[in-house]
Every structure is written in structure tokens, then in C-alpha cells.
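For reference, the structure discussed in these notes is given below.
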Amino acid sequence: MSEPFNDVQQIEMAIKAAQKMVGQATKSMNPEQLETATNALNDAKAQLQDAVKYEMSGEFGAYSKDLITKLEHQLDEAKD
């Protein structure tokens, strides 16, 4: 991984982008948008998991994991 600050910033941006996509997709209930939001969320989740492997933890890590869990739940509810 590169500098920790850049990694954290990249993860934060990926989560925020996924959050916006989830919001738009669940509002429109468009299957293509739901799929795109799912992919964005999975990408953000993978980035966070990689960062945790390299000992990124603390408040940001816990907040990010919680937010991703909530977004996954929101998408699951929209798909049902």
C-alpha cells in the first residue's frame, strides 16, 4: 500500500461514492442502478478489508465497517 493517508482518503471516497449510489438506486428501484450500487459497495468493502489487513483500525475503521453494513442492508431490503 502507499501512504496511509492516501489509502484512508481513497477508502473514504469509495464508501461515500457507494453511499450515494445506494441512495439513488434504492430511491429509483432501477435494477441496473441496484446492480451498479452493489458493485460499488463491494469494491468499497474490498478496499476496507485490504486496509484492515494492513492494520488500519481505530475509529475510522469501525465507522466504515458499520456504514458498509448499513448500506448492504439497505440494498438487500430494496432487492427483496
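The numbers here are math on the coordinates, done by the rules we state, and not lab data. Values in this document were obtained by computation on a predicted structure and should not be read as measured data. Don't worry about glycine lacking a Cβ; one is built from the backbone with ideal geometry, like all the others, and counts go over all protein chains shown.
Have a look at Phe60, Asn6, Ala25 and report the one farthest towards the positive end of the charge dipole of the chain, computed about the Cα centre with Cβ charges (Lys/Arg +1, Asp/Glu -1). Of Phe60, Asn6, Ala25, it is Ala25. Stretching the chain fully between Tyr63 and Asn42 yields a gain of 5.9 nm (0.36 nm per residue, less the alpha carbon separation). The GluC sites (Glu not before Pro) of segment 4-80 that DSSP puts in a loop, and whose beta carbon has at most 14 other beta carbons within 10 Å, are Glu55. Of the labelled figures (1) 17.1, 57; (2) 12.9, 40; (3) 12.0, 33, only one reflects Rg and Dmax of the Cα atoms in Å as derived from the coordinates, namely (2). Helix 4-28: angle to the longest alpha-carbon principal axis of the chain, degrees 0 to 90, nearest 10? So the inclination is approximately 10 degrees. Rg of the Cα atoms in segment 11-52, relative to 2.2 N^0.38 Å, amounts to 1.14. Taking θ as phi - 60° and the Karplus parameters 6.51, -1.76 and 1.60, the scalar couplings of segment 72-78 work out to 4, 4, 4, 5, 4, 4, 5 Hz in sequence order, x denoting glycine and proline.
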